[in-house]
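The values are calculated or read from the model by the stated rules, or taken from the named source; none is laboratory data. Everything quoted here is computed from the prediction, not taken from an experiment. Here the Cβ positions follow ideal geometry from the backbone for every residue, glycine too, while neighbour counts run over all protein chains shown. Side chains included, ligands, DNA and RNA excluded: accessible areas come from the protein's heavy atoms. Shrake-Rupley method; radii C 1.70, N 1.55, O 1.52, S 1.80 Å.
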Amino acid sequence: QNPDGIVNRPVESDAMLRGHQDVLAQILKAEMETWTAWGVTGFGSSTYNFSNLQALANLDRAGEMPARFAWGYRGSDYNIEWLRYLQGMQNRGTDYLWLIGAQPLLTGGYCTTLAEKFKTKDLGPCSFAPGMEGRRQLDNILMAGMRVATMHSWGDKDIDYFMDAIEQDSAKVGIPLEEIRKKRHAFDHGGGAPRPDQIPRMKNLGMMAREINTA
């Protein structure tokens, strides 16, 4: 738990570099310069905390961004009204720093169908099962009309719940399939996911997956 009472949110730059935005900006700039030296010129990620976003914004204002950074919201407030404000800013910003969506603070869990098949314990619960806090956050993101982006996920069962949420929440607020596909909802990593039978459903929803590891 970090100093402002929020559980499970990275705070390194908020705490260790509090009051030193100039130093943080130069650290982030040096990190990006290391990657650009290898030909990487764009990133899609959460900024993880407000200090990193502020530092990136300061670099952008000064014209010192070495690479482009498309950022996803991962914060402490998932009130649907706040997310609707963010939706109005989605895909807006500058050529080097812009908002591409949001992810739940509680990212996809480690629950798998393999655990059921082999009657073993999951490494963790499903974050997006109905009634879970992660599902509430995911529901609000989707019903606010935002794209789910920069979200880490692991087990295949939570990908099922993720797709359930996309279909059900979009239907609740009247988002048609054509618009769902345009959003390109996404998840990263996906250890053990997606299963082969999940791929047609993902394709139908226009989803993206990065760094897939189908064990």
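General remarks:
- Highest-MSF residue in the chain out of SER76, SER127, SER46 [GNM, Cα springs under 10 Å]: SER76
- Remark on LEU97: its backbone amide H falls under 5 Å from those of PHE69, a criterion applied only to residues 5 or more positions apart or on other chains, H modelled at 1.01 Å from N.
- Computed over the chain, relative contact order equals 15 percent, with contacts defined as Cα pairs under 8 Å that lie 6+ residues apart.
- Protein accessible area in region 120-184, 1.4 Å probe - carbon and sulfur %: 53
- Spin-label model, LEU177/LYS117: points 7 Å from Cα along the beta carbon direction are separated by 2.8 nm.
- Tensor-based shape of region 26-128 (alpha-carbon gyration tensor, a/c under 1.5 rounded, otherwise prolate or oblate): oblate
- Relative contact order of region 59-162, taken over Cα pairs closer than 8 Å and 6 or more residues apart, is 32 percent.
- Taking 20 Å as the straight-line reach from the Cα of LYS172, the lysines in range (excluding those fewer than 8 positions away in the same chain) are LYS182, LYS183.
- Helix-only CD estimate at 222 nm, as mean residue ellipticity for the chain, using -39500 (n - 2.57) per DSSP H run (n ≥ 4): -12500 deg cm²/dmol
- Convex hull of Cα atoms in the chain, direction-averaged projection (nm²): 13.2
- What you get for region 62-175, charging only the Cβ of Lys and Arg (+1) and of Asp and Glu (-1), is a dipole of about 60 debye around the Cα centre.
- Reachable aspartates and glutamates, given that their alpha-carbon falls under 20 Å from the alpha-carbon of LYS157 and they are not under 8 places away in the same chain: GLU116, ASP122, GLU133, ASP139, GLU167, ASP169, ASP188, ASP197, GLU211
- Solvent-accessible surface of the chain, taken per residue with a 1.4 Å probe and all protein chains present: 53 Å².
- By DSSP, the beta bridges lying fully in the chain are antiparallel in about 5 percent of cases.
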